[in-house]
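Colleague: One structure, as structure tokens, below. Some questions next.
The values are calculated or read from the model by the stated rules, or taken from the named source; none is laboratory data. Worth saying up front: this structure is predicted, and the values here are computed from it rather than measured. In this analysis, Cβ positions are derived from the backbone assuming ideal geometry, glycine residues included, and neighbour counts consider all displayed protein chains. Surface accessibility is based on the protein's heavy atoms, side chains included, excluding ligands, DNA and RNA. Shrake-Rupley method; radii C 1.70, N 1.55, O 1.52, S 1.80 Å.
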Amino acid sequence: MTLRLYDTETRTLRDFVSLVDGQVSIYLCGATVQSEPHIGHVRSGVAFDVLRRWLAAQGFDVLFVRNVTDIDDKILTKAAEAGRPWWEWAARFERAFDRAYDKLGVLPPSVSPRATGHITQMVELIETLIERGHAYAAGGDVYFDVRSFPNYGALSGHKIDDVHQGEGAGHFKRDQSDFTLWKAAKPGEPSWPTPWGDGRPGWHLECSAMAATYLGSDFDIHCGGMDLVFPHHENEIAQSRAAGCGFAHYWLHNGWVTLGGEKMSKSLGNILSIPAVLERVRPQELRYYLGSAHYRSMLEYSEHALQEAAATYRRIEAFIARVERRVGAIPRGNWTDAFAAALNDDVGVPAALAEVHHTITEANTALERGDGERARSLAAQVRGMLAILGVDPLDEHWHEVGADSSASEPAIAALEGLVRSEMQLRQQARQDRDWAKADAIRDKLAALGIDLTDTADGPEWSLRNQ
Ligand SMILES: Nc1ncnc2c1ncn2[C@@H]1O[C@H](COP(=O)(O)OP(=O)(O)OP(=O)(O)O)[C@@H](O)[C@H]1O
Ligand SMILES: [Zn+2]
């Protein structure tokens, strides 16, 4: 079964073939570390973490680069407003992003390079572009000459004549479609020396330089949010290919988390920070929520949908706990064919989750007919599939980040004790042939959402819908 991925550049589903047998190289545009992460920011981290886990599960050695943009107008402005050094501001929010990714169980990247640590490579890249006639220095800035790259616009569908780079006018630009590779230093701002004068890098240049540094001139997959298709990724392609690199062979873009129909973003102010949301649901529940939609669809945030996802996840946890109670420890098993088919179809998580729920239903049926072994092997498959999605309830990670279900364990133990004593009373009533009393106990529990099932091993209880 071949993995197929939707490639933005060709606008088609393409069979995935890696450049090097057994290896996959992925570059994901990371955060501009200017403030606390919101749930939109981490959606790309979660979505492509599933792709990474799935590739690793297929036996690929995955190299995963997620950069940190630690120099940017917004960082400088915010740090200055707060009266703090820009580098401290960037470092503080880099840690906040790392904490958020870690809380949600996003695997750490192979490396997370910072833009400021790769100025040498950026300067080299600019030199190559100037030598090849694709860039020009003017007034201390350096610009990319967009018209020198005939394929410009292929990724986003933009026509050169209509291009607006969405950056400051740039006094020395020869053409309005050109974009900035290097910005001349302004008084009081951080800068680095170059042959064209002191200055700092443009955003697009950073990713081209860092991707090449770690993954080489050609690599497999470039990911990011769909807002990055233009101009960021279009400009990355122009710079890198004009410099002679093949660059990324597949382009994947995740949809937004929206609120009120608009992209959740700091500039609009419609944001929910990760710490704020984690006061309402546990990290694994937030991850389940963010990861349950297809990565390319929009995810309109609602408190109701978040709570529904959290409740669904708790039912999955309760299912695992119930099987453990009945048959003992559950190993982490393999996924089913239907699950593999879903993920191979452009990381089709909704269909993969449907398969998880289908397997849970089958396991519940097995439990009801007293087939503990079958239930255990199905529950092992459920664990295996959830692990690929990064939400295995028994993963040590949740324990490490203090988010396991242990907080509710005393409550579950108390409930178990109470229900067991009611069940004993019912057994006694049945032995005494007091059917009315036995039925009354069953009805009382049913009214509380607790169902009793008579199995070959004796009566069992479960919370409804679990
Ligand atoms: N609402 C969102 N939904 C999905 N992905 C998002 C959302 N906001 C940002 N991203 C993604 O997060 C990553 C880091 O983004 P970046 O730091 O550039 O934030 P941004 O787009 O400037 O957000 P903001 O407008 O809130 O500052 C990018 O891949 C971006 O596409
Ligand atoms: Zn980037």
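Colleague: Can you give the Rg to Rh ratio for region 88-130, taking only C-alpha atoms and Rh from Kirkwood? Numbers along the way, then the final one.
Modeller: Working: Rg = 14.6 Å, Rh = 12.5 Å.
We get a ratio of 1.16 for region 88-130.
Colleague: In what sequence, highest mean first, do 218-225, 124-131 appear when ranked by Cβ atoms within 10 angstrom?
Modeller: For the peptides 218-225, 124-131, the packing ranking is 218-225, 124-131.
Colleague: How high is the FRET efficiency from A56 to Q431, r the C-beta distance, R0 35 Å, rounded to 0.05?
Modeller: My answer for the efficiency is 0.05.
Colleague: Between beta-carbons, use under 15 Å as the cut-off and find the net charge around F339, counting Lys and Arg +1, Asp and Glu -1.
Modeller: Its environment carries a net charge of -3.
Colleague: What is the extension gain from S421 to D21, computed as 0.36 nm multiplied by their sequence separation minus the C-alpha to C-alpha distance, in nm to one decimal?
Modeller: Details: separation 400, 0.36 × 400 = 144.00 nm, distance 5.98 nm.
The span from S421 to D21 would gain 138.0 nm if fully extended.
Colleague: What percent of all Cα-Cα pairs in the chain falls in each 20 Å bin, counting up from 0?
Modeller: 22, 47, 22, 8, 1
Colleague: Still on this model: I want the antiparallel fraction of DSSP beta bridges within the chain, as a percent rounded to 5.
Modeller: 55 percent
Colleague: Separation of region 278-331 and region 23-87 by C-alpha centroid, Å?
Modeller: So the separation of the two Cα centres works out to 24 Å.
Colleague: Which links in K74/K103; K78/K183; K103/K263; K186/K263; K103/K186 stretch past 29 Å when you go from one Cα to the other?
Modeller: K186/K263; K103/K186
Colleague: Quick one: which residues, 5+ away or cross-chain, put their amide H under 5 Å from the amide H of S273? H built at 1.01 Å from N.
Modeller: Counting only residues 5 or more places away or on other chains, the set is empty.
Colleague: May I pose another question? Would you mind putting 70-83, 432-445 in packing order, based on average other-beta-carbon counts within 10 Å, highest first? Display every interim value, and only then the final one.
Modeller: Working: 70-83: 16.2, 432-445: 13.3.
Top to bottom by mean Cβ count within 10 Å: 70-83, 432-445.
Colleague: Check each of the GluC sites (Glu not before Pro) in region 236-341 and keep only those in coil by DSSP with at most 15 other C-beta atoms within 10 angstrom; list them in order.
Modeller: Sparse-neighbourhood loop GluC sites (Glu not before Pro): E279.
Colleague: Within region 150-219, which trypsin sites (Lys or Arg not before Pro) sit in a loop by DSSP and count at most 15 neighbouring Cβ atoms inside 10 Å? Mind showing how you got there, number by number?
Modeller: Values: sites: K159, K173, R174, K183; in loops: K159, K173, R174.
Those that pass, being in a loop and sparsely packed, are K159, R174.
Colleague: Evaluate the distance, in nm, between pseudo-label points positioned 7 Å from the Cα of S267 and of D161 along their respective Cα→Cβ axes.
Modeller: 2.7 nm
Colleague: Let me ask something else about it. Give me the log10 of I(q) over I(0) for region 107-244 at q = 0.13, 0.22 Å⁻¹, as the Debye formula computes it from C-alpha points; what are the numbers?
Modeller: Relative scattering, expressed as log10 I(q)/I(0), comes to -0.53, -1.52.
Colleague: Can you tell me the order of 287-295, 87-95 when each peptide is scored by its average per-residue count of other Cβ atoms within 10 angstrom, highest first?
Modeller: 287-295, 87-95
Colleague: Per the helix-only calculation at 222 nm, which mean residue ellipticity applies to the chain, given -39500 (n - 2.57) for every DSSP H run of n ≥ 4 and division by its residues, nearest 500 deg cm²/dmol?
Modeller: Only helices count here, giving -14500 deg cm²/dmol.
Colleague: At 1.4 Å probe size, with the rest of the protein present, what percent of the exposed accessible area of the chain is carbon and sulfur atoms?
Modeller: 51 percent
Colleague: Where Rh is the Kirkwood radius over the Cα pairs of region 216-359, the temperature 37 °C and the viscosity 0.692 mPa s, what D in µm²/s does Stokes-Einstein return?
Modeller: Reported coefficient: 181 µm²/s.
Colleague: Here's a follow-up. Solvent-accessible area per residue for the chain at a 1.4 Å probe radius, Å²?
Modeller: Details: 20170 Å² over 466 residues.
Using a 1.4 Å probe on heavy atoms only, each residue of the chain averages 43 Å².
Colleague: From the phi angles alone, apply the Karplus equation (6.51, -1.76, 1.60; θ = phi - 60°) to region 271-282 and give each ³J(HN,Hα) in whole Hz, x where the residue is Gly or Pro.
Modeller: The phi angles translate into 10, 10, 6, 4, x, 5, 5, 6, 7, 9, 9, 7 Hz.
Colleague: Let me ask something else about it. If you plug each phi of region 26-40 into the Karplus form 6.51 cos²θ - 1.76 cosθ + 1.60 with θ = phi - 60°, what whole-Hz ³J(HN,Hα) values come out, in order, with x for Gly and Pro?
Modeller: So the J values, rounded to whole Hz, are 10, 10, 10, 5, x, 7, 8, 7, 10, 6, 4, x, 9, 5, x.
Colleague: In addition: Roughly how many whole Å is it from the C-alpha centroid of region 338-384 to that of region 4-20?
Modeller: Going from one Cα centre to the other spans 28 Å.
Colleague: Relative contact order (percent) for the chain, with alpha-carbon contacts under 8 angstrom and 6 or more residues of separation?
Modeller: Once normalised by length, the contact order is 16 percent.
Colleague: Please give the helix 349-368 orientation as an angle from the longest Cα principal axis of the chain, in degrees from 0 to 90, rounded to the nearest 10.
Modeller: Approximately 10 degrees, to the nearest 10.
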